[in-house]
Amino acid sequence: MPDPFQPDPPIRCREFKIGCIGAGFIMADVQLDAYHRGGFPVVAIASRSVERARQAAERWNIPRVHDDPFRLIEDPEVQIVDIAFPPDQQPDLIRHALRQPHVRGILAQKPLALDFERAKAVVQEAAGTDKVLSVNQNMRFDQSIRVLKQVMTRGDLGEIVLGTIDMRAVPHWQSFLEPYGRLTLLNMSIHHLDVLRFLFGDPEDIFTAVRPDPRTRFAHHDGICVSTLRFPGGVLAVSLDDVWSGPREGGFESDIYIRWRVEGTEGLATGTIGWPDYPAGSPSTLRFNSRKTTGGKWRNPTWNTRWFPDAFIGVMDQLQYALKSGIQPELSATDNLKTMALVESAYRSVAERRAVRPDEFLT
């Protein structure tokens with residue numbers, strides 16, 4: 001009998017028209033692919049490069065190309081503004097969308113802004129309007145993470161004791177990150193810190209240590225990051241974000257992966273994230289055992305979908321459905337502000353060499 005798990009949520013709404021801002025990798029290769037697969041109506045696109053926007057429009061059969069992102073936001077046919085832009089420029093685009101009567105919803109890229117205070121200001125402004133602001137924390141829709149959450153919720157693992165995410169993978173840092181002074185914690189660790197919140201709730205505190213990444217030539221201090229989080233009830237979690245992962249050159253056999261592990265009093269779950277081998281791609285994996293439900297034997301649920309691009313179908317659906325139903329989106333900006341506070345706490349932890357409570361920012 002197959003396990004009753006749902007690695008990908010069903011599509012509940014695809015009626016609101018989308019205008020996409022950005023034509024880089026994450027939009028042109030991933031999000032628009034997901035929207036094509038999910039049947040979501042994309043009616044317009046704009047980017048900093050009109051030529052790249054035209055190329056994406058031709059590739060994905062998008063009817064209109066705007067020569068400026070602000071003009072796309074003003075397009076009366078656009079009901080959802082989907083932003084994949086650098087975080088220093090994103091708040092101004094969100095504010096412009098909040099002023100448009102025809103805009104119903106906004107999907108902002110993570111990180112929402114460069115720091116917590118700027119993110120908080122945008123979230124507060126959105127809360128004073130009739131618009132729905134959602135943040136694209138897409139790792140929550142990775143299939144292994146969603147099934148893990150379902151395993152935990154039905155009690156297979158018992159009381160959770162320890163959770164870890166171990167990343168040994170090499171992102172291709174975009175050039176716009178160079179002047180920020182913030183690198184891995186804001187742009188990569190944010191995935192893992194948000195997922196730990198999704199799985200275990202809001203942490204009591206976080207202690208983070210960092211060192212520079214030997215391969216990254218521009219100035220930075222948070223290259224390789226190790227964060228320890230304590231949660232109410234005693235749950236302990238560690239996120240190790242190694243964006244160097246050892247020497248790599250022609251002929252060198254490196255070891256690239258993202259693995260996670262959750263241990264409970266009644267069972268154990270382990271898994272891998274399929275992103276590092278993109279674009280070849282492979283599904284994420286999960287296996288678990290439980291004294292309560294599997295007799296201590298390993299069980300291996302499987303699926304054919306992947307984080308990139310399939311998880312982005314769920315991201316768009318949760319916003320579309322929120323607009324239709326009037327409920328808060330699963331990836332609400334209000335909830336995301338807690339993730340931004342956690343990231344900000346990690347930076348303060350590094351600076352002050354102590355464990356920091358996110359409440360220092362949220363209260």
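The values are calculated or read from the model by the stated rules, or taken from the named source; none is laboratory data. As the structure is a computational prediction, the values presented were derived from the model and not from experiment. Here the Cβ is made from the backbone with ideal geometry for all residues, glycine too, and neighbour counts use every protein chain on show.
Strands (runs of 3 or more DSSP E) wholly in the stretch 3-117 with at least 3 residues that are of a type in the set (A, V, I, L, M, F, W, C) and under 30 Å from TYR347 (Cα atoms) - which ones? First the steps, then the outcome.
Working: elements: 18-21, 42-46, 80-83, 105-109.
Here the list reads 105-109.
Specify the residue that is nearest to VAL356 (Cα to Cα); the eligible residues are those in the stretch 175-205 that are modelled with pLDDT of 95 or more, among the aromatic types (Phe, Trp, Tyr) and out of contact with any His (no Cβ under 9 Å at 6 or more places or on another chain).
Only one residue tops the list, namely PHE200.
Would you please list the contacts, defined by Cβ atoms under 6 Å and residues six or more apart or on different chains, that run from a residue in the stretch 24-41 that is not hydrophobic (A, V, I, L, M, F, W, C) to a residue that is not in a helix (DSSP H, G or I)?
From the stretch 24-41, the pairs are TYR35/VAL42; GLY38/ILE11; GLY39/ARG14; PRO41/LYS17.
Hey, any hits in the stretch 187-196 for a residue that's acidic (Asp, Glu), in a strand (DSSP E or B), touching a residue at least 12 places away in the same chain (Cβ under 8 Å) and within 25 Å of ASP277 (Cβ to Cβ)?
Going residue by residue through the stretch 187-196, those that are acidic (Asp, Glu) are 194.
Adding the requirement that they be in a strand (DSSP E or B) leaves none.
Within the stretch 187-196, not a single residue is acidic (Asp, Glu), in a strand (DSSP E or B), touching a residue at least 12 places away in the same chain (Cβ under 8 Å) and within 25 Å of ASP277 (Cβ to Cβ).
Here's a check for you: in the stretch 319-336, which residue that is over 13 Å from the mean Cα position of the chain (by Cα) and crowded, with 23+ Cβ neighbours inside 10 Å is farthest from VAL123 (Cα to Cα)?
Restricting to residues being over 13 Å from the mean Cα position of the chain (by Cα) and crowded, with 23+ Cβ neighbours inside 10 Å, the top hit is GLN320.
Identify all residues within the stretch 326-363 that are hydroxyl-bearing (Ser, Thr, Tyr) and in contact (Cβ under 8 Å) with a residue 12 or more places away in the chain; write none if there are none.
Looking only at the stretch 326-363, we keep the residues that are hydroxyl-bearing (Ser, Thr, Tyr), and these are 332, 334, 339, 345, 347, 349, 363.
Scanning the stretch 326-363 gives SER332, THR334, THR339, SER345, TYR347, SER349.
Residues that are in contact with a Lys or Arg (Cβ under 6 Å, 6 or more places away or on another chain), assigned by TED's automatic domain parsing to the domain that holds ALA108 and closer than 14 Å to LEU107 by Cα: does the stretch 60-70 have at least one? Can you show your working first?
Going residue by residue through the stretch 60-70, those that are in contact with a Lys or Arg (Cβ under 6 Å, 6 or more places away or on another chain) are 65.
Add one more test, that the residue is assigned by TED's automatic domain parsing to the domain that holds ALA108, and what stays is 65.
Those left that are additionally closer than 14 Å to LEU107 by Cα: none.
No, the stretch 60-70 has no match at all.
Examine the stretch 247-260 for a residue that is in the same structural domain as ILE160 (by TED's automatic domain parsing), under 15 Å from VAL195 (Cα atoms) and surrounded by 18 or more Cβ atoms within 10 Å (Cβ to Cβ), and state whether such a residue exists.
At the first step, the residues of the stretch 247-260 found to be in the same structural domain as ILE160 (by TED's automatic domain parsing) are 247-260.
Keeping just the survivors that are under 15 Å from VAL195 (Cα atoms) gives 258-260.
Add one more test, that the residue is surrounded by 18 or more Cβ atoms within 10 Å (Cβ to Cβ), and what stays is 258, 260.
Within the stretch 247-260, one or more residues are in the same structural domain as ILE160 (by TED's automatic domain parsing), under 15 Å from VAL195 (Cα atoms) and surrounded by 18 or more Cβ atoms within 10 Å (Cβ to Cβ).
Residue by residue through the stretch 162-186, note down the ones that are within 26 Å of PRO279 (Cβ to Cβ), out of contact with any Gly (no Cβ under 8 Å at 6 or more places or on another chain) and in a loop (DSSP other than H, G, I, E, B).
Residues satisfying the conditions are ALA169, VAL170, PRO171, HIS172, TRP173, GLU178.
Okay, residues lined up against (1) touching a Ser or Thr at 6+ places or on another chain (Cβ under 8 Å); (2) of a type in the set (S, T, N, Q):
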| position | (1), (2) |
| --- | --- |
| VAL235 | no, no |
| LEU240 | yes, no |
| ALA269 | no, no |
| ILE273 | yes, no |
| PRO276 | no, no |
| ARG291 | no, no |
| ASN300 | yes, yes |
| TYR321 | no, no |
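Conditions (1) charged (D, E, K, R); (2) within 30 Å of VAL103 (Cα to Cα); (3) modelled with pLDDT of 95 or more; (4) not assigned by TED's automatic domain parsing to the domain that holds LEU157, marked per residue:
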| residue | (1), (2), (3), (4) |
| --- | --- |
| PHE288 | no, no, yes, no |
| THR302 | no, no, yes, no |
| TYR321 | no, yes, yes, yes |
| GLN328 | no, yes, yes, yes |
| PHE361 | no, no, yes, yes |
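Name the residue, out of GLN137, GLN150, that is of a type in the set (S, T, N, Q) and in contact with a helix residue (DSSP H, G or I) (Cβ under 6 Å, 6 or more places away or on another chain).
Numbers: GLN150 fails: in contact with a helix residue (DSSP H, G or I) (Cβ under 6 Å, 6 or more places away or on another chain).
Of the residues listed, the single one that is of a type in the set (S, T, N, Q) and in contact with a helix residue (DSSP H, G or I) (Cβ under 6 Å, 6 or more places away or on another chain) is GLN137.
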